[in-house]
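The values are calculated or read from the model by the stated rules, or taken from the named source; none is laboratory data. Note that the coordinates shown come from a computational prediction; the quantities given were computed from them, not determined experimentally. Using ideal geometry, Cβ is built from the backbone for each residue, glycine included, and neighbour counts are taken over all protein chains shown.
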Amino acid sequence: MKKIINNPDNTVQEMVQGIAAAYPEHVKQLPDTTVITRSDAPVQNKVGIVSGGGSGHEPAHAGYVGKGMLDAAVAGEVFTSPAPDQILEAIKVADGGAGVLLVIKNYSGDVLNFEMAAELAEAEGIQTAQVIVNDDVSVENVPARRGIAGTIFVHKIAGAMADTGATLEEVQTAAKEVVENVRSLGMALTPCIVPASGKPSFELGENEMEIGIGIHGEPGIERKELASADEIAQELMEKVLADADFPSGSSLAVMINGLGSTPEMELHLVNRRVQQLLREKELQVYKTFVGEYMTSLEMAGCSVTLLKLNDERKKLLDAPSEAPAFRQ
């Protein structure tokens, strides 16, 4: 295993320190925690937005802390949910008196620990609400679907909505509408290696690829012979569009997300074919995002995310953001 690390046991804490040192004008580390907050948190009379999860998905989630997106993000150990006490600290620092929305990816550990933290916060007089993201169409059972790169669109639109002075209920409604209208699917060319284990999370042959992978190093739902960029794009798009209710003429935001080790050249090859397919389906592309938004350590591969937009979501997507990692 070759990784640029020190002691694997200290990697997350040291990473958080590095993030805070990189963007001091935007964020800061909450002392004695793995929580990154806005440098001006809490913002009074504004709904706070908190997210987080296991580390290894950078720039998610700390990279999306900043005006217009998250007020705080909490990092767990690699691919491990943060503990409730750490999440509680994030909630407390994000609370400006208007309540706090928790954006949770649909993994059992995340859901359990964020809900426990919300109960603790409510006991301290902090009003909370939550939205659970489940955009991964590789899982047929909708309630069991995982939250993957579509989570970034939830962060953006919820954060922009909160900046309008909306109530906690209104921000939660806007976030839930994103979840209802976003679909994603990913694929991998290689597994990843968790620093503490030093071993690949699964094995793939030289001429194999995995369809429907998660973001925690788990294998996907189907192993196939390696295909061309156009064929990969077509397979991902067929499955996403088959699951979505995107009538002809719908306006979409598109995200082509790298998983950690995929060159932008290859992501743009996928995007080329995705855009062609959308035109063929008479679907309108309002905005496109290409790059690494939610990764899985050094996994090579990509995911495709489509979000159906209306006028309000367009406005919120376009609203300015100071989060260091949100590339428009």
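Considering the range 249-328, the qualifying strands (runs of 3 or more DSSP E), each wholly inside and each with 3 or more residues that are farther than 19 Å from Met187 by Cα and at pLDDT 95 or above, run over 251-258, 284-291.
Matching residues to (1) buried (at least 24 other Cβ atoms within 10 Å of the Cβ); (2) over 22 Å from Arg327 (Cα atoms); (3) in the same structural domain as Ile215 (by TED's automatic domain parsing); (4) touching a residue at least 12 places away in the same chain (Cβ under 8 Å):
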site	(1), (2), (3), (4)
Pro24	no, no, no, yes
Val27	yes, no, no, yes
Pro31	no, yes, no, no
Ile36	yes, no, no, yes
Gly52	yes, no, no, yes
Glu58	no, no, no, yes
His61	yes, no, no, yes
Tyr64	yes, no, no, yes
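If we scan the range 101-113, do we find a residue that is outside the structural domain of Met299 (by TED's automatic domain parsing), farther than 17 Å from Gln172 by Cα, small (Gly, Ala, Ser) and in a loop (DSSP other than H, G, I, E, B)? For the range 101-113, residues outside the structural domain of Met299 (by TED's automatic domain parsing), farther than 17 Å from Gln172 by Cα, small (Gly, Ala, Ser) and in a loop (DSSP other than H, G, I, E, B): absent.
Screening the candidates Leu226, Leu259 for the property of being surrounded by fewer than 16 Cβ atoms within 10 Å (Cβ to Cβ) and not hydroxyl-bearing (Ser, Thr, Tyr) yields one hit, Leu226. Looking at this structure, is Ala41 out of contact with any Phe, Trp or Tyr (no Cβ under 8 Å at 6 or more places or on another chain), exposed (fewer than 13 other Cβ atoms within 10 Å of the Cβ), of a type in the set (Gly, Ala, Ser) and outside the structural domain of Tyr293 (by TED's automatic domain parsing)? Judged against the criteria, Ala41 is not a match. With respect to Thr295, determine if the residue is closer than 25 Å to Gly53 by Cβ, in the same structural domain as Glu218 (by TED's automatic domain parsing) and among the β-branched types (Val, Ile, Thr). In short, yes. Residues that are surrounded by fewer than 20 Cβ atoms within 10 Å (Cβ to Cβ) and either at pLDDT 95 or above or over 30 Å from Glu238 (Cα atoms) (or both) do occur in the range 128-143. The set of residues in the range 140-163 being free of Cβ contacts under 8 Å to residues at least 24 places away in the same chain and either part of a loop (DSSP other than H, G, I, E, B) or touching a helix residue (DSSP H, G or I) at 6+ places or on another chain (Cβ under 7 Å) (or both) consists of Glu140, Asn141. Considering the range 120-158, and only residues there that are touching a strand residue (DSSP E or B) at 6+ places or on another chain (Cβ under 9 Å) and of a type in the set (Asp, Glu), the residue that is farthest from Cys302 (Cα to Cα) turns out to be Glu122. When the strands (runs of 3 or more DSSP E) confined to the range 1-69 are screened for residues that are among the small types (Gly, Ala, Ser), those reaching at least 3 such residues are found at 48-55.
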